[in-house]
Structures are given as C-alpha cells and as structure tokens.
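J.: I'd like to ask some things about the structure below.
Derivation of every value follows stated rules applied to the coordinates shown; laboratory data play no part. Just so it is clear, the structure is predicted and the values come from calculations on it, not from any experiment. Quick reminder, even Gly has a Cβ in these numbers, built from the backbone with ideal geometry, and neighbours come from all protein chains shown.
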Amino acid sequence: MSEYEHYEAVVVGCGPGGAAAAARLAEHGVETLVLERGVEAGSKNVSGGLIYAEDSAPYTIDGLFDGFREEAAERPVTDYRIHNIAGDKVKTYDLTDLHEHDTDWCDAVLRRKMDSWLEARVHEKTSETGGGVLTNVRVNGLLREDGEIVGVTCDELDPIEADLIVAADGVNSELAREAGLMDWEEPDEWFQGVKAVVDMDPEAVNHRFGIDDNEGVAHLFSGDLFEDVRGGGFLYTNEESLSIGTVFHLDSLVAEQAEPHELLDALLTHPVMAHWIGDGYDEREYAAKLVPDSKKVAHREPYRDRLVLVGDAAGQMQAQGPIIKGMNHAVTAGALAADAFAITRGNADPEAAGRRYAKLLEDSGTMAKLRPKQYELARTVGERETVTNVVDRVLESPLGSVALGNPLADRVLERAYNSPFLVSMLPDTRTGYTTVPTVIGEARGKSIRWKNDAEPPTLEERIGDLTYDTDVGNPHIELRDASVKASGAAVYACPVSAEAFGGGCYRTEQVKTNGDEETLVSLDTQPCVECGTCAIVADTAWEHPRGGKGVEYRQG
Amino acid sequence: MLTKGVPDFSEGAVSFDEDGHLERGKTPTVMNPNDAFALEAALQTRVRHGGHVSGMSMGPPGYAEVLEGAMESVYTDDSYLLSDRELAASDTWATAITVSSGIEKYREEVADVDLVFAGFKTADGETGQTGPQTCWALEWPIVTHVIALDIDPDERRLRAKRLVEGDVDEIETVEAPLPCMVVTDPEFEPTYRKAAHRLTHKRLRAETQERAAEHDEHLTTWDHADLNLDPDYIGLDGSPTIVSSVDPIPKAPSEREATMIDPDDGAAMEPVLEELQPFAGGD
C-alpha cells in the first residue's frame, strides 16, 4: 500500500479543458479530483473571448454542460467583420461567411463568470464519483516513481497519486514543461494578447451596434494602426460590456520594441472606435495572456506516462489570420482525453490512455485544425524574408495598390478572407497582417473623421485597478540573468512594464560597480499578471504563485 | 465545543460610560475571540476523523447568536444553550459546575462525548479557570495551550503539541486518553494537507449553509431545572468569588504630536517621504 492519497484521475486546472475532462471522466464513473490554483475558477483566466461550437467537433461546451449559453456566456456573435485600416481610412469586409463555416454557434464570454459557473457544475458532477473541485491549490510538479510519472505534488497538499493526470493548467503549464513536452524558448511560437473590458450599459451596446439583446458583434482590426507589429485587434460585445483587445506575434513585439498597452491604446483611441465607445470610457479591467500558436506548437503526442496535456497546455490554440479558436479545442481535447482513459481503463501500460488520446485527436480531425497541412506547405515558401519583401514591395507599389484596390479585387479579397482553406494557408508575415490590410484601407477605405475622446487609463492606473493577493517574500519569478542582452526585452514586452515606467514588473537601472556604470534589468513581481511573456523573452526561473496568491481577475 | 459571548472590545464597537465602565447594553455581543481557535480545532478533528460537533454555551438567550455564528463558521451540527436567570452572575466555579452538568446531560441524553474543545480564557473575565474547573468536575484530563493535535481513534488517545511560553518557548508533545478536554492556544492553526479532507471541509460548508439559516430548529435550551442544579450552588448564590470593583486604567496622554496626512495628497506626503528617505534601503 502506498503512503500517498490516490484518485483515479487528477485534473489540474478548471478552465474549459479541465472542466470538460473532469465532467466526462465523472460521466464515465471515474473518481476525479480537480485542482484549481485560483480562489475560484476563472480568476486566473483571460481570453479574447469567443467560444465556438463547431459542427464537426465531437464535443461542444453546451453539449457537456446544460444551460451553458444561457447562464455562463455573454452575447452570441451575429455579425462578424474585419476593418482594414490605413491612417484614418477604413475598409470593412463582412466575414460572416468565414465565421459561420463549421460553426453551430459562437458566443462572447468573460472568463470569471464562465469558468466559475463551470466549476460549480464540475464539482457537482465529480462529487458523485467520489471526487470534487478544490480551489486555492497549486500543483507545482510531477510525482515520480522510478522515473515514471505517477501523480502530482502541490504547494498546499501532500503528494497525490493518480492513474490519469490531466494537465489543463494553461499556456504556462508547469507540468508540460516538467515532463519535457513543452518549452518557453522561441518567441515566434507565441502570441501575446492584451485586453480591456469596457463597461457599457446594455441599451448603449444595442444602440451603438444596431443589435438586439440576444445579438452581438465581433469586429477585427488590421492595418497600419499598429505600425509594423504583426497582429491585430478585436472587439466583442458582452451583455453589459465590450471586450477590446490586441493580439500580436511575440517575436514581432520584441523585434519592434513595442509596448503592448500602447498598441491597445492605439486601437482604443482610433477614430473607428469613436462611435462604439462613445463618451465616458470606463475600463473595468486590463488583462493579458500568452497564446500558443498551434500551427507551430500543438503537440502531436501530448502525453507522457499517465500524464496528458489538454488545451493551451498542449498548445491547442488555433490562431490563423482572423480565425481565433482555443476554448472549443480545449473542450474537445479534454473530453477526448477522458474517453481515452475510459476506453483503456485497466490497461497495464501507463501510456495506453495517452496514446489513445493522441489517436482520438487525429481521428476526430482536431489535430488537422490545429496544424493545417495547407499551412505547413505554404510556410516553407511564404515565411522567408526575401519572399515577404518582394511581395510587400509589389503590393505597396502603384501597380500592387491598383491590383488590390480595384473593385474586382475587393470582391475577390472579401471572398478570399472568407475562405477557410485560403485563410489556413496565410503565412505569418507582415504581408497578411499589415501590408494587405493597409493597402486595402488606403485604396478602398473611407476616411473616418469621428473624434474619439476615449482616454484609456495609464499603465499605473490599470495595475492599480487590478486585485492582487501578493505572496510577500515569496516571489514566483526569479530573474536569472539581469543583463539587458538576456532580459531587457521584458521591459517593453511585459504587458505591465514599460520603458519609462518604474512601477511595473521590469525596469532598467543604472548600477555602479567598481567605478563602472552598467545598465541592469530588475524585477518586482508584485504587479505580475502571470502571462508568461518574460518566461520566453527574458532569462527567468518562472513559476506560478501559490494557490490563491497573485492576480485575481474579476472579468477575465 | 464550548464557547462564550463577550462584549465586542474591538475599536469602534465597544462603549464606555463617563466613569470608564463598560456599557454592556450598548456594546454588541460577539464570540470570545480565543474560542475561534478551539472551533477550528474541533472542525479539523471532525474533518479528519468524522463525528458530530455540538456547540454549547452558558449565558443569556442572546448567546444563541454566538452559537449560530459557530454553526456558520465551523459547521457545528447543533447548539445547546444553558440559560436561565438563576445562572446569572456565576463566577468560574458556578460556571464550571453548570457547564459540566450540561456536558453530563448531553452524554446521558444526546450522545457520548470523546472531546471537549474550549478557547484559552475569555476576553471579559480573563481568568482561564473555567476550563480546568469544568474538567475537574467531570474528572477528565485536560490538555492546554494546544497548537496542533491528532487523534488515534483505535487507541482512543490524543496526541497534542503544547506551546509552553517561558524564558525560552518550548513545544511539548503530550498524550492523553479520551475523553479529554482540549484548550487551544491562539497559535493553533488548522492544516488540511489531504485532498479528501479539503473535499470534506467543502461538503460540510455547503451542508451548513442551509442548517445555519434555520438555527433555531437546531438549538436546545436547558435551564437549571433541566440540569437538575440546586439554585444555592449556581449563579450569584453559588459563586464564592465576587468582583468588588473595577478600576479603569486611564490611557497615558500621548507625549508626541500627531499630524494626519492624506496618503493621496502628493504635496502633503512630500515631507513624509523626505523624512523616510534616510531609512530607505539602496539609493
């Protein structure tokens, strides 16, 4: 008899992936313990916030959780557009066809409300099979026996053994990294998103977007308002607020030395926003998160021993041009991992469930969505700098502008944007993100001269408005190399730090040593929003804070 | 689980008359703060080993609220209040006689008792005598200043760590047979390192919300007749000690001047920061 507590399954993280896994495990009669590090599920979570239910997917969130759309979601997306911006010129395409491709429904969500609702349902379901959900518990590592993963270790609990360990612990999964399945090495494998949730009366939302109570919009923004940083912006309508944010390739943020909060402000204060935001800008919450690029990092074999990875932890976040789908894939993956365990239950091979899970991801078509073949083929030519430069020069030339800007091209482009096949081919270069939209905006766009009076809060005010329970004396990030060369990128790339701002996580300091003066990077983890950016762009030893500690999102 | 209501001595709640005497009627009653640790110890024992936890108090009918608070905070199953006019003005001796009679009656009529938990002295009396005297009356062992404890249900023994304060603080590990009284030290902190214990804790909390909302239905009140106590041996008549007078200790006037500064007022904070500058580390 082992000295450790034992559960048939331990699920780490109670976001949509963990919730789906736990609910499905409970349906299979599996004794399931869910460990969530937040004070409540959703308090550590951020998303842009659209959740899809795909026609082709084997599982959907409302299929697993009755009443999800009515009780946990915000507005459905009934109008989907992309705005190509050049200066104050804007050309808008309707992307509803692309949006509705393979879509049963799609709702905007705020994660605190959504995930806490899921937590309650998951606790009910898992309690029936001898388990339940525990919050304020941080799983800090893997329990091994003779080198084999057999359970988890926690800050707040004694080690726990399990026959199945589901790592649904998000984009910065410490379990995936400890198992050697994921890393934090390459900035080009990640996006960074920042978001403002803007308070708005439901009547104003309806009026400004021309919608009813049970309707909503999704707007995307690309072009030159973010200068040369590759990425785009979004606006989604919630019941009584807007989610407005920007998502950029992390390597591009680093290369351009861009400040994420300033890029967000560029969107918030653009004339195109004036009508929607109106006067009296009231920001409820500023948030940030890393987004894995599934095309590059979705793990084809996301398992090791009894451990399986689900959702962001496995890189299962599909971000391709205007398509941004993460939560739905996490739900599918979580449910499939549970099914894989149920099918192989009792099998002596500890990797039987993991292998079956990987096969189910393939067979269900999920992996093909996360890692589209078209992209793999296209990127070999498309992402070379010389190709990008040549294409960009042609597009920016009078000839190119005529080609993109004529009425025929307009229709072709709108159709092309709406083709799931073509979109999945889009190489990740500035051509798609900046050049094409800018040329379209320039040639076809109408000038918008509305005055935008929005005054977004300063970074200091944004940090001041966030809720923190700081683990005093026990910082969760350690700066291993304080040289500017190794860690200087964090000063601007960190969403709660800025070059000229001393109150953020990262700053540079002049340090005198033996008569020499040297610039060093210093770190204060108090304002940290746990996004993980610095784990990639700086040299750190990065962990999550203890259970219940650190930032607590109220909106998410 | 024994608890007592005391005047709320916290800043702003407590009220004194011109002579410095406590105005009992104007000061709200709260649970004796030290009892919170005993409650946590009772809850921890129940979470780890199962069982039934009852709250018991002696005092006026208003103390039912204190017992209700215990139900809300540490999920007691039911409450027992020893209350009538004959019990008023009891000293520690009369209180111990009454409380021990309450525990005996509980054992006869409700269920056998393995453990009694009590806090370390009350905020109003500060004697620290009632617990030991109650134990003496019950002829039970008592373990005081407990900062951690565990029970071996098979051996029916308790093992506890006691904080012994002196020139050098020591932690003593003691064992005692059940039934036994446990008096917690304010340093007592419950620990729940097993997932199963935390799940039990969460279940108890969910179950208690409904129960605490209808506390009256779970409250039993016993008077001196129920407890079969002779009025000559309880209350004021049964109390060998009386408090003859209370002398307030006047607060020494402050010798230093205090200036109030609004921390949001940048200009006003300026000199404060300048004063602090020499004490700040680094540059």
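J.: Can you tell me which lysines have their Cα less than 19 Å from the Cα of A:Lys195? Leave out same-chain residues fewer than eight positions away.
T.: A:Lys44, A:Lys113, A:Lys289, A:Lys325
J.: What FRET efficiency would be calculated for the residue pair A:Glu517, A:Trp450, taking the C-beta separation as r and a Förster radius of 60 Å, to the nearest 0.05?
T.: My answer for the efficiency is 0.80.
J.: Right, next: Using the reciprocal of the averaged 1/r over all distinct C-alpha pairs, how large is the Kirkwood radius of segment A:21-150 in Å?
T.: So the Kirkwood estimate lands at 17.4 Å.
J.: From the convex hull of the Cα coordinates of chain B, what is the mean projected area in square nanometres?
T.: Reported value for the Cα convex hull: 21.8 nm².
J.: Here's another thing I want to ask about it. Explain nothing, just the number: relative contact order of segment B:2-233, from Cα pairs under 8 Å at least 6 residues apart, as a whole percent.
T.: Answer for segment B:2-233 is 24 percent.
J.: Return the distance in nm (one decimal) between the two label points of a simple spin-label model at A:Ala368 and B:Phe9, each offset 7 Å from Cα along Cα→Cβ.
T.: 7.5
J.: Set the Förster radius R0 to 30 Å, insert the Cβ-Cβ distance between A:Asp55 and A:Glu124 as r into 1/(1 + (r/R0)^6), and round the FRET efficiency to 0.05.
T.: In this case the efficiency is close to 0.55.
J.: I would also like to ask the following. For B:Ser90, B:Ser254, what's the fewest-to-most ordering of other Cβ within 10 Å of each Cβ?
T.: B:Ser254, B:Ser90
J.: Report, in whole Å, the centroid distance computed from the Cα atoms of segment A:190-243 and segment B:155-215.
T.: Each part's Cα centre sits 51 Å from the other's.
J.: What order, most packed first, do the peptides A:22-34, A:70-82 have when packing is the mean number of other Cβ atoms within 10 Å of each residue?
T.: Answer by packing, highest mean first, reads A:22-34, A:70-82.
J.: Cut-off 10 angstrom, C-alpha nodes, Gaussian network model of chain B. Which of B:Leu138, B:Leu67, B:Leu273 fluctuates the most?
T.: For chain B, modelled as a Gaussian network with Cα springs under 10 Å, the answer is B:Leu273.
J.: List the lysines whose Cα lies under 28 Å from the Cα of B:Lys121, skipping any in the same chain that are fewer than 8 positions away.
T.: Cross-link targets: B:Lys4, B:Lys26, B:Lys105, B:Lys161, B:Lys251.
J.: For an R0 of 22 angstrom, estimate the FRET efficiency from the Cβ-Cβ distance between B:Asp114 and B:Leu236 and round to the nearest 0.05.
T.: Efficiency, rounded to the nearest 0.05: 0.05.
J.: Related question: On C-alpha positions alone, give me the angle between the axis of helix A:327-344 and the longest principal axis of chain A, in degrees, nearest 10.
T.: With both axes taken from Cα atoms, the answer is about 30 degrees.
J.: What order do you get for A:Arg144, A:Arg449 when you list them from fewest to most C-beta neighbours inside 10 Å?
T.: Final ranking by Cβ density, sparse to dense: A:Arg449, A:Arg144.
J.: Quick one: work out the % antiparallel among DSSP beta bridges in chain A, nearest 5.
T.: Percentage antiparallel, nearest 5: 75.
J.: Now a separate question. Which GluC sites (Glu not before Pro) does segment B:223-283 hold that lie in a coil by DSSP with at most 11 other beta carbons within 10 Å?
T.: Those satisfying the criteria are B:Glu255, B:Glu257.
J.: Under the rule that an exposed site lies in a DSSP loop and has at most 12 other Cβ atoms within 10 Å, name the longest stretch of chain B with no trypsin sites (Lys or Arg not before Pro) of that kind, not counting the sites themselves.
T.: Longest stretch, sites excluded: B:1-155.
J.: Determine the sum of side-chain charges near A:Met200: Lys and Arg each +1, Asp and Glu each -1, restricted to other residues whose C-beta is under 10 angstrom from that of A:Met200.
T.: That works out to -4.
J.: From the C-alpha coordinates alone, can you work out the Kirkwood hydrodynamic radius of segment B:54-194, in Å?
T.: 16.2
J.: Counting only residues 5 or more places away or on other chains, whose amide H sits under 5 Å from the amide H of A:Gly151 once H atoms are built in the peptide plane?
T.: Distant-sequence amide H within range of A:Gly151: A:Leu143, A:Ala162.
J.: Check each of the chymotrypsin sites (Phe, Trp or Tyr not before Pro) in segment A:469-534 and keep only those in coil by DSSP with at most 16 other C-beta atoms within 10 angstrom; list them in order.
T.: Listed in order of number, the matching sites amount to none.
J.: Quick check on the exposure proxy: order A:Ile343, B:Ile249 from fewest to most C-beta atoms within 10 angstrom.
T.: With the sparsest Cβ surroundings first, the list reads B:Ile249, A:Ile343.
J.: Could you name the aspartates and glutamates whose alpha carbon sits less than 18 Å from that of A:Lys451, not counting residues in the same chain fewer than 8 places away?
T.: Straight-line reach from A:Lys451, under 18 Å: A:Asp88, A:Asp265, A:Asp279, A:Asp282.
J.: Along each principal axis of its Cα atoms, how long is the protein assembly as shown end to end? Whole angstroms, biggest number first, please.
T.: Principal axes ranked by extent give 111, 73, 64 Å for the Cα atoms.
J.: Here's something else I'd like to know. Report the Rg/Rh value for segment A:466-552, based on alpha-carbon coordinates and the Kirkwood definition of Rh.
T.: Result: Rg/Rh = 0.99.
J.: Which GluC sites (Glu not before Pro) from segment B:81-163 combine a DSSP loop assignment with at most 12 other Cβ atoms within 10 Å?
T.: B:Glu126, B:Glu139, B:Glu155
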